[in-house]
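The values are calculated or read from the model by the stated rules, or taken from the named source; none is laboratory data. If you're wondering where the values come from, they're calculated on a predicted model, not measured in any experiment. A quick note on method: Cβ atoms are made from the backbone with ideal geometry, for glycine too, and the neighbour counts reach across all protein chains shown.
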């Protein structure tokens, strides 16, 4: 059986620096974490669609209508951000399958387990991310 096909429930295990980096167990753990996150986002999205369909009523009061439209716009922006996040989750799942997950795209060095725990879609180490953000600030200031 392919170990990458298995999934470890995040509550049952925590990756540790005492074990080999990105071993089968860690990969299965992060795969489970990513899949659970994606499922949660998709469930929330279905609820949003249902709520938006239900809230198509006309509000006779202009203030109520404006408030409703503002709420709807905020909800749609949130869903758009989550759609982009699902894309990043899918990319991380592909990296798990191809063996590149957990390694910095810029340096090839391992990304810390703490960073991956906090941001499982991370593609850069903390140091590489900081360099990237500094370069971005410099170019933005030009």
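Of the helices (runs of 4 or more DSSP H) lying entirely inside region 25-142, those containing at least 3 residues that are modelled with pLDDT of 90 or more and surrounded by fewer than 14 Cβ atoms within 10 Å (Cβ to Cβ) span 62-98, 126-141.
The lone criterion from (1) in contact with a helix residue (DSSP H, G or I) (Cβ under 7 Å, 6 or more places away or on another chain); (2) within 25 Å of residue 47 (Cα to Cα) left unmet by residue 126 is number (2).
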